Amino acid sequence: MKKRIVYGAPMVGISDKPFRQIVRHFTQAPLYTEMVSAHFYRQGLKSSLRTMDIRNEKNIIVQLVGNNIDDMVYVAQKAQEEGAVGIDINMGCPIRKLVSDGCGAAFMKEIESAMHLAEAVVHAVSVPVSIKTRLGWKTADEIYQFAPRLASVGIQRLVVHARTKTQGFSGTADWKVLKNLSLQNCELIVNGDICDEESLNDALTLSGANGVMIGRALWGQPWFLRTLETGQVGEVALAETVLEHFEKMLSFYGLKGLYASRKHLAHYAKYYLGRQTFCEQMFRAESPDRVRSLIKGFFTKPERGHK
């Protein structure tokens, strides 16, 4: 089977360095960082510096958010120096705080500003520049005015979450809207609601896109990109994978990793019998050793189910 074009999405609170390191065991596909605030990175905010930590990683695309051209250019150049293979500009995040600051999805209402920012970043770095956006602010056909103009300034990839800003994550992704979107010298990637082989094939067929980006379907399934690339599930040493992820969270965040790992552990447990009891015990655990014991006990021989 021909290898599919797949990307691991930028997900705030999920696609941090420990998560990417685990996903990398299963695929060499490009992975995106969490969204990095260009403004706060340039100000030296510790959390932003940590978010853009891509040392000793390969095939990583750094996603930036911001509306100040000087900040975005500066951080894009720093990301390239750190080894990023691409820079992505977030022009689709619907979070109210970002939008009110003129960032993320706000650019869909400010096409000229979006073009100026994208063009500046394209000219500032030698690695490919991409943009992640949505179908539109209110209506899906807005992408037909927005996307070609962005492509005209030299971006090499456009990733479209097939919902509007006003939808947020409600409703269903409308892949077919992208079918007649024509982009010059720009790869089109479709994102949203791709969770298995069937939805991947439907998304590609209906959108006419070159590839897909996987987000929420990776939660608790860091091997899922490999599954979609090859069409085969493959074997996973589940307990070892979960335990390694937990240890990497502790190494990266210190004791805070104990708490930051809880959402990941809950995602891993989602499809297994006894999940509720495991999660109740795990969320009460206040020591790494207790969590290690719970992981080994629950994931060694898990049974598929929904309880």
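Read-outs: derived from the displayed coordinates by stated rules, not from any lab. Please read these numbers as outputs of a predicted model, since none were measured by experiment. Every residue, glycine as well, gets a Cβ built from its backbone with ideal geometry; the counts of neighbours run over all protein chains shown.
Tell me, Kirkwood radius of the range 53-157 from alpha-carbon pair distances, in Å?
On the way: mean 1/r = 0.0726 Å⁻¹.
Here the Kirkwood hydrodynamic radius works out to 13.8 Å.
D for the range 226-291, whole µm²/s, Stokes-Einstein with Kirkwood Rh over alpha-carbon pairs at 10 °C and 1.306 mPa s: what number? Walk me through the numbers on the way to the answer.
Details: Rh = 13.0 Å.
Result for D is 122 µm²/s.
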Self-check item: the chain: translational diffusion in µm²/s, Stokes-Einstein, Kirkwood Rh over Cα pairs, 20 °C, 1.002 mPa s
Solution: 107 µm²/s
Exercise. Please give every one of the lysines within straight-line cross-link reach of Lys296, meaning a C-alpha to C-alpha distance under 28 Å, and leave out same-chain neighbours fewer than 8 residues apart.
Key: Lys17, Lys248, Lys256, Lys263, Lys270, Lys307
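So how much slack lies between Lys179 and Thr230, counting 0.36 nm per residue of separation and subtracting their Cα-Cα distance, in nm? It would help to have the intermediate numbers written out before the result.
Numbers: separation 51, 0.36 × 51 = 18.36 nm, distance 2.46 nm.
In short, 15.9 nm is gained.
Taking 0.36 nm per residue of sequence separation and subtracting the Cα-Cα distance, how much length would be gained by fully extending the chain between Lys138 and Thr300, in nm to one decimal? Walk me through the numbers on the way to the answer.
Numbers: separation 162, 0.36 × 162 = 58.32 nm, distance 4.69 nm.
My answer for the length gained is 53.6 nm.
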Quiz item: Hey, can you rank 184-190, 61-67 by average C-beta count inside 10 Å, highest first?
Solution: 61-67, 184-190
Quiz prompt | Distance between modelled label sites at Glu247 and Ser170, nm, 7 Å Cα→Cβ extension | solution = 4.5 nm
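May I ask you to list the chymotrypsin sites (Phe, Trp or Tyr not before Pro) in the range 146-201 that are in a DSSP loop and have at most 14 other Cβ atoms within 10 Å of their Cβ?
Phe169
Sorted by mean Cβ packing within 10 Å, highest first, what order do the peptides 251-264, 198-211, 231-244 take?
198-211, 251-264, 231-244
Within 10 Å of each residue's Cβ, count the other Cβ atoms and sort Ile194, Ile143, Ile54 from fewest upward.
Values: Ile194 27, Ile143 22, Ile54 19.
Ordered by Cβ neighbours within 10 Å, fewest first: Ile54, Ile143, Ile194.
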Quiz item: Which of Thr166, Val62, His264 sits farthest toward the positive end of the charge dipole of the chain, with +1 on the Cβ of Lys and Arg and -1 on the Cβ of Asp and Glu?
Solution: His264
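Among the DSSP beta bridges whose two residues both lie in the chain, what percent are antiparallel, rounded to the nearest 5?
Details: 1 of 31 bridges.
Restricted to the chain, the bridges split so that about 5 percent are antiparallel.
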